[in-house]
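Colleague: Structure provided below as C-alpha cells; questions to follow.
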C-alpha cells in the first residue's frame with residue numbers, strides 16, 4: 001500500500017532563511033504522481049506542484065524548488081529566502097497510477113516563519 | 001472563475017444526528033472528491049465521484065455516503081454522528097480525465113463539523 005511520510009511536524013525559521021521540507025513515499029507502482037500542497041490558516045489546500053514518476057528533473061519556481069529522487073523515494077521541497085507569508089502547513093501527497101484522483105497525504109509540516 | 005464552494009462552512013451537531021455537506025465544483029470539472037481532515041488522522045480520502053458515479057472509496061464506515069448530481073455538484077452525508085466525526089471536510093474538484101494521469105485537485109475551504 002502507498003504511504004507518505006513527512007518526518008518534520010513543525011519547523012520554525014527566521015525570515016530570509018532557506019528551509020527544506022522532507023517527504024518520503026512508498027509505493028509498489030512504477031507509475032505514480034507526487035504533489036505538494038500548502039494549507040494556510042484559511043484551511044483551503046493550495047496546489048504547488050505535481051510530478052510524475054518518469055520525470056526526475058528538479059524544478060524551480062521563483063523561491064520554491066523541488067528535488068525528486070527515485071533512488072531514495074524522496075520529493076523534498078525547498079523555500080529560499082523564506083517570508084512570513086510562507087507560514088502554513090505543507091502537505092506532500094502521492095497518487096498511484098491506477099488510483100485516479102485519490103491522494104494519499106503525508107502528515108504535513110507546519111512551517112512558521114518569524115520576522 | 002469561481003473556485004470550489006462548500007456549504008455550510010461551520011456547523012455544530014450532536015451525537016446521533018446526521019449531516020449533509022454540499023460542494024459546488026469549478027465549472028467544467030466533472031470529478032468531485034471528499035477528504036476528511038482531523039488532528040489525529042490527518043487528511044484521509046473519503047470518496048470520488050465522476051459523472052454521477054462513485055469511482056473510488058476510502059476506508060470509512062457505511063455511515064459516510066455521497067452522491068453527485070447531473071450538474072456535477074456533490075453532497076456527502078454522515079449519519080448517526082459520533083464525536084470522532086468532528087473534522088474539517090474538504091471537497092476538491094478536477095476535470096476528471098485520467099488520460100494524462102492524475103489530475104490536479106482544486107480544493108474548497110472546507111466545512112468544519114463539530115459533534116457534541
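Colleague: Just need the relative contact order of chain B here, percent rounded to a whole number, with Cα pairs under 8 Å and 6+ apart.
Modeller: Relative contact order for chain B comes out at 36 percent.
Colleague: How high is the relative contact order of chain A? Use alpha-carbon pairs under 8 Å, at least six apart in sequence, and give a whole percent.
Modeller: Relative contact order, chain A: 39 percent.
Colleague: So, one more: Taking neighbour counts of Cβ atoms within 10 Å as a proxy for exposure, in what order, fewest first, do A:24, A:14 appear?
Modeller: Taking fewest neighbouring Cβ atoms as first place, the list is A:14, A:24.
Colleague: Given contacts defined as C-alpha pairs under 8 Å and at least six residues apart, what's the relative contact order of segment A:24-82, whole-number percent?
Modeller: That works out to 29 percent.
Colleague: Which residue fluctuates the most in chain B, going by a Gaussian network model with Cα springs under 10 Å, if the choices are B:41, B:54, B:68?
Modeller: Result: B:41 has the largest fluctuation of those listed.
Colleague: Along the Cα-to-C-beta direction of residue A:9, a point sits 7 Å from the Cα; which residues of segment B:21-41 have their amide N less than 19 Å from that point?
Modeller: The answer is B:37-41.
Colleague: Something else: What's the exposure ranking of B:49, A:33, going from fewest to most Cβ atoms within 10 Å?
Modeller: Ascending Cβ contact count within 10 Å gives the list A:33, B:49.
Colleague: Determine, for A:22, A:29, B:85, the number of other Cβ atoms within 10 Å of each Cβ, and report the residues in order from fewest to most.
Modeller: In order of increasing Cβ crowding within 10 Å: A:29, A:22, B:85.
Colleague: I need two numbers for the protein assembly as shown: Rg to one decimal and Dmax as a whole number, Cα atoms only, in Å.
Modeller: 17.7, 51
Colleague: Moving to a separate point now. Just counting partner chain Cβ atoms within 10 Å, what average do the residues of peptide A:35-47 show around their Cβ?
Modeller: Average neighbour count from other chains, rounded to a whole number: 4.
Colleague: Something else: Using the Cα atoms of segment B:1-86 to build a convex hull, what is its mean projected area in square nanometres?
Modeller: 5.8
Colleague: Also: Please average, across the residues of A:98-109, the number of beta carbons from any other chain that are within 10 Å of each residue's own beta carbon, and give a whole number.
Modeller: 6
Colleague: Could you give the distance between the Cα centres of segment B:38-64 and segment A:1-72, to the whole Å?
Modeller: 23
Colleague: Which value does Rg/Rh take for segment A:1-88 over its C-alpha atoms, Rh per Kirkwood?
Modeller: Here Rg/Rh amounts to 0.97.
Colleague: I'd like the FRET efficiency for residue A:64 and residue B:20, computed as 1/(1 + (r/R0)^6) with the beta carbon distance as r and R0 of 30 Å, rounded to 0.05.
Modeller: The formula returns an efficiency of 0.20 here.
Only the coordinates and a few stated rules stand behind these numbers; no lab work does. As the structure is a computational prediction, the values presented were derived from the model and not from experiment. Every residue, glycine as well, gets a Cβ built from its backbone with ideal geometry; the counts of neighbours run over all protein chains shown.
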